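The values are calculated or read from the model by the stated rules, or taken from the named source; none is laboratory data. Computed from a prediction, not measured in an experiment: that's the story for all the values here. Every residue, glycine as well, gets a Cβ built from its backbone with ideal geometry; the counts of neighbours run over all protein chains shown. The protein model used for the area step is the full one, side chains on, heavy atoms only, and it has no ligands, DNA or RNA in it. Shrake-Rupley method; radii C 1.70, N 1.55, O 1.52, S 1.80 Å.
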Amino acid sequence: DAKTTQPNSMESNEEEPVHLPCNHSTISGTDYIHWYRQLPSQGPEYVIHGLTSNVNNRMASLAIAEDRKSSTLILHRATLRDAAVYYCILKNSGGSNYKLTFGKGTLLTVNP
Amino acid sequence: NAGVTQTPKFQVLKTGQSMTLQCAQDMNHNSMYWYRQDPGMGLRLIYYSASEGTTDKGEVPNGYNVSRLNKREFSLRLESAAPSQTSVYFCASSPRTGSSNQPQHFGDGTRLSIL
């Protein structure tokens, strides 16, 4: 799987929007962009994924750059429960597509 | 909405003891996975099962065995535990393996310490 780069940490205030960036300059045309998060003492939780178009679901929005070399996970109104490590992962349709390769992710701190 | 259930949640073993970690999913998924998570290492795949009746090695299979008991259950066995296997173990499932479009669903983990 191609590599992703995320900031080590970010901080936000409660009820404010949060934009979590991810760079993936070596993305291939068939790579999907997946986001997971891991709350303290819990397993990873799927958040959202997309290929080319922006995506919205009940948890978040995913904005994908036109050249697909970067993406941004948007939490519209951060809550204390959103404090977690957020992982941006590329998943392709060939080769080792059975596994998820987790990097170090971004530790999001939400201040009350 | 149980999803993926792992038992036990915590376990302490002595070096050389054996143990089986249990995992069950109720989402009718075909594929199941075992990962371990160590500080600073991210999650690493131990074994996976693309479908009932099949299992394959992941990145770090040494010291482990698995059994896909049926479609719902996928167990991980440590035959002779070593301190290097102290870790948090996560089980996951997905509808099937061969698609980049399908997310994996994780359990809450088993925290295993080997003394």
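Computed values, structure above
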| quantity | calculated |
| --- | --- |
| Residue tally, condition open to solvent by 50 Å² or more (accessible area, probe 1.4 Å) and within 24 Å of B:PHE106 (Cβ to Cβ), over the stretch A:2-20 | 5 |
| Within the stretch A:41-53, tally of residues that are in contact (Cβ under 8 Å) with a residue 12 or more places away in the chain and either open to solvent by less than 50 Å² (accessible area, probe 1.4 Å) or outside any strand (DSSP E or B) (or both) | 7 |
| Test: B:GLU52 is over 29 Å from A:PRO40 (Cβ atoms), more than 9 Å from chain A (Cβ to nearest Cβ) and loosely packed, with under 14 Cβ neighbours inside 10 Å | no |
| Cβ pairs under 7 Å, 6+ apart, first in the stretch B:1-18 and free of Cβ contacts under 8 Å to residues at least 60 places away in the same chain, second open to solvent by 70 Å² or more (accessible area, probe 1.4 Å) | B:ALA2/B:ASP26 |
| Any pair with Cβ under 9 angstrom, 6 or more apart, that starts in the stretch A:20-40 at a residue that is closer than 13 Å to A:GLN6 by Cβ and part of a loop (DSSP other than H, G, I, E, B) and ends at one that is among the aliphatic types (A, V, I, L, M) and open to solvent by less than 20 Å² (accessible area, probe 1.4 Å) | A:HIS24/A:ILE33; A:HIS24/A:LEU90 |
| Inter-residue pairs, beta-carbon under 9 Å, first of a type in the set (D, E, K, R) and in the stretch B:52-66, second surrounded by fewer than 15 Cβ atoms within 10 Å (Cβ to Cβ) and modelled with pLDDT of 90 or more, 6+ apart | B:GLU52/B:ASN70 |
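Quick grid of which residues meet (1) within 11 Å of another protein chain (Cβ to nearest Cβ); (2) within 22 Å of A:GLN38 (Cα to Cα); (3) open to solvent by 60 Å² or more (accessible area, probe 1.4 Å):
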{"position": "B:LYS9", "(1), (2), (3)": "yes, yes, yes"}
{"position": "B:GLY16", "(1), (2), (3)": "no, no, no"}
{"position": "B:LEU21", "(1), (2), (3)": "no, yes, no"}
{"position": "B:SER31", "(1), (2), (3)": "yes, yes, no"}
{"position": "B:LEU69", "(1), (2), (3)": "no, no, yes"}
{"position": "B:SER75", "(1), (2), (3)": "no, no, no"}
{"position": "B:THR86", "(1), (2), (3)": "no, yes, no"}
{"position": "B:PRO95", "(1), (2), (3)": "no, yes, no"}
{"position": "B:PHE106", "(1), (2), (3)": "yes, yes, no"}
